[in-house]
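For reference, the structure discussed in these notes is given below.
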């Protein structure tokens, strides 16, 4: 039991088995919080983290009637899910409420005036609370706790934005003469304390001694069979077959898919093989009404199977799941176990089936599953000091309250020089010892914290909004001719108007889907670090969507490729560069170029495993002769303007990166390169030329 005892009124609200005993990690977190320390609770899925950080919040709720707490969740679904749990433990349940974009105006006003515990997300904090903090003065003056649930999700671009949103929040609380404690819950990651400090600028006590019970979990690694000597069964088809078989046996199953398209395909295929209305799809881009409907049917047990993106990876209570399907490596060992952990709860047994894709990294992992089973969870990476992201938030902070030079220290070492350059460009103005935003309207409306920049494109069918996506994604997925899949229905894009920020779609029944073809040009700039032939450097990347492939819905058979003429996008980022030796005089030039190209594929295939990121977070390029060295070179770069630290992680592990890339190619039994080692569906030149033997030699 914890050393500090909860108030009697709170103890009476707890389940009987928790009134006298807690898991050891819950007790440790409670004691640390009640001693006034910031806390990170980093334990496994279904380990009871929620109660670990709710107990201190509720203790203060019962003991200090004027205190308030803000609980931040990464998704609307998770906040809605946690609200019912929280209200069961409160004396006056109406004093807790969700404040997000779906909350009616009348309910928002009641929460501002009479609420004690607010459940929200980083987007609403950024857009709806901080810009109008004067309306929330009562909250800031009495704020006791700021809770950050699912902290491991705040990585990459999203995490870099959230780190600045949290700094803005803590800065305003300090102005209202409050220093709220920050509590965080996280799945197991390698650096919970460091990541907490990176996001908040504060130190915390890390509690990671998981004392919760665990049932047996069976993990299966499944490689879809070959349908011919050249090709395996589509992993989407394989996943849908397993999902439908389990659903038809009334086994409650959640299938995780890497992309929106694959989630839609798996849901569509499985629905065709199962009883009516037993399978549904869930992903970002749905309307609030659709999300609530799916969540309600899931909780009630009417849905037996769900095909989802990682929106369901988080701690949403989806009931008693028996099985989880992982359709493709989710990007990190941490995410793999987070997803697998959704099957079974507490001491109940669970089944997790990993369906591998016919891609180099996934086949590499299948050849040695111990890399997952015995692997160490990765570090979470975010870079709140990314200049493009930080400059947007400095404008927001200066609009909320004039930004003094001493306050800029909270935003990082480069914040002052960045603010001075923004003063010179007119984005900020320095007046009477502080930086101010020179316009009345809030700049927060122009800052999308889920992306590195760009506007949002609305997807319209007739006069109805079907969904939305970022502009960069729309260029790849909502161009004219693109097929958009939505909850089992098929739509074709007939117009993309970038000026109006609208894509117009029409229902269709075509038997294919589309996949964008993207071309990239990389120009090296300043070198930051050098280690032999490896270097960390700034690069300028220009990307263009040059066309799209059409593939059959049933089996992924390639039909044709259609050219497009869309505007290119240019951004600056950070890259890992590997200079290679020039070919020997007697060496075949075409084969050597194929070897350089193969090195690029091999390094890019392994890089996500070492960077702890999704493969879509990294881009790559190669050249047979660089203009600055007259030698070949390969680049692996952050697919984010300014970079978020992924190339830096790779630079720190170049020996391991090279060795694993060589293993990937050398241990594959094929003769000339195949989808299991060198071939890549993302290759801009259609995997030509490639030479396996020269690639091994260069590696």
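The values are calculated or read from the model by the stated rules, or taken from the named source; none is laboratory data. These numbers were taken from a predicted model, which means no experiment stands behind them. Because the Cβ atoms are built from the backbone with ideal geometry, glycine has one as well, and the counts that use them run over all protein chains shown.
Residue count for the range 44-73, restricted to those that are assigned to a loop (DSSP other than H, G, I, E, B), modelled with pLDDT of 90 or more and crowded, with 24+ Cβ neighbours inside 10 Å: 1.
Contact map, the range 625-636: residues that are in the same structural domain as residue 533 (by TED's automatic domain parsing) and free of Cβ contacts under 8 Å to residues at least 24 places away in the same chain paired with residues that are part of a loop (DSSP other than H, G, I, E, B) and surrounded by 12 or more Cβ atoms within 10 Å (Cβ to Cβ), Cβ distance under 7 Å, separation 6+ or inter-chain. Pairs shown: 625/631; 625/632. Can you tell me how many residues in the range 291-305 are in a loop (DSSP other than H, G, I, E, B) and surrounded by 20 or more Cβ atoms within 10 Å (Cβ to Cβ)? Here the count works out to 2. If you go through the range 220-234 and pick out every residue that is outside any loop (DSSP other than H, G, I, E, B) and modelled with pLDDT of 95 or more, you end up with 3. Of the residues in the range 240-247, at least one is touching a strand residue (DSSP E or B) at 6+ places or on another chain (Cβ under 9 Å) and farther than 30 Å from residue 674 by Cβ. Taken over the range 480-489, the criterion of being surrounded by fewer than 20 Cβ atoms within 10 Å (Cβ to Cβ) and at pLDDT 90 or above is satisfied by 480, 481.
Within the range 518-527, does at least one residue satisfy the condition of being surrounded by fewer than 14 Cβ atoms within 10 Å (Cβ to Cβ) and closer than 22 Å to residue 655 by Cα? Yes, there is a match, as at least one residue in the range 518-527 is surrounded by fewer than 14 Cβ atoms within 10 Å (Cβ to Cβ) and closer than 22 Å to residue 655 by Cα.
Counting only helices (runs of 4 or more DSSP H) that sit completely within the range 104-182, those holding 1 or more residues that are closer than 16 Å to residue 79 by Cα correspond to 105-114. When the range 597-644 is filtered for residues that are at positive phi and within 19 Å of the chain's Cα centre (by Cα), the ones remaining, listed by number, are 612, 642, 643. Within the range 152-165, not a single residue is surrounded by 16 or more Cβ atoms within 10 Å (Cβ to Cβ) and without any contact (Cβ under 8 Å) to a residue 40 or more places away in the chain.
Conditions tested, residue by residue: (1) farther than 24 Å from residue 157 by Cβ; (2) at pLDDT below 95; (3) touching a strand residue (DSSP E or B) at 6+ places or on another chain (Cβ under 7 Å); (4) surrounded by fewer than 24 Cβ atoms within 10 Å (Cβ to Cβ).
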site: 582; (1), (2), (3), (4): yes, yes, no, yes
site: 585; (1), (2), (3), (4): yes, yes, no, yes
site: 610; (1), (2), (3), (4): no, yes, no, yes
site: 642; (1), (2), (3), (4): no, yes, yes, yes
site: 668; (1), (2), (3), (4): yes, yes, no, yes
site: 672; (1), (2), (3), (4): yes, yes, no, yes
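Out of 97, 101, one residue alone is touching a helix residue (DSSP H, G or I) at 6+ places or on another chain (Cβ under 7 Å) and farther than 17 Å from residue 146 by Cα. It is 101. All of 572, 585 fail the test of being more than 21 Å from the chain's Cα centre (by Cα), under 26 Å from residue 392 (Cα atoms) and not in a helix (DSSP H, G or I), apart from 572. For the range 457-479, taking the residues that are out of contact with any helix residue (DSSP H, G or I) (no Cβ under 7 Å at 6 or more places or on another chain) and modelled with pLDDT under 85, the one that is farthest from residue 154 (Cα to Cα) is identified as 467. Across the range 250-265, not a single residue is classified as free of Cβ contacts under 8 Å to residues at least 12 places away in the same chain and in contact with a strand residue (DSSP E or B) (Cβ under 9 Å, 6 or more places away or on another chain).
Within the range 498-515, the presence of at least one residue that is exposed (fewer than 14 other Cβ atoms within 10 Å of the Cβ) and part of a strand (DSSP E or B) is confirmed. Taken over the range 501-525, the residue count meeting the criterion of being under 17 Å from residue 636 (Cβ atoms) and more than 27 Å from the chain's Cα centre (by Cα) is 3.
The residue that is modelled with the lowest pLDDT, counting only those in the range 74-103 that are closer than 22 Å to residue 170 by Cα and not in a loop (DSSP other than H, G, I, E, B), is 79. The single residue among 266, 318, 324, 279 that is within 27 Å of residue 224 (Cβ to Cβ) and modelled with pLDDT under 75 turns out to be 318.
Selection of the range 353-385 for residues being outside any loop (DSSP other than H, G, I, E, B) and more than 30 Å from residue 198 (Cα to Cα) yields 353, 354, 355, 360, 362, 363, 364, 365, 366, 367, 370.
Residue-level analysis places residue 388 outside the set of residues that are outside any loop (DSSP other than H, G, I, E, B) and either farther than 30 Å from residue 496 by Cα or modelled with pLDDT of 95 or more (or both). Flag not set for residue 394, criterion: modelled with pLDDT of 95 or more, farther than 11 Å from residue 168 by Cβ, part of a helix (DSSP H, G or I) and touching a helix residue (DSSP H, G or I) at 6+ places or on another chain (Cβ under 9 Å).
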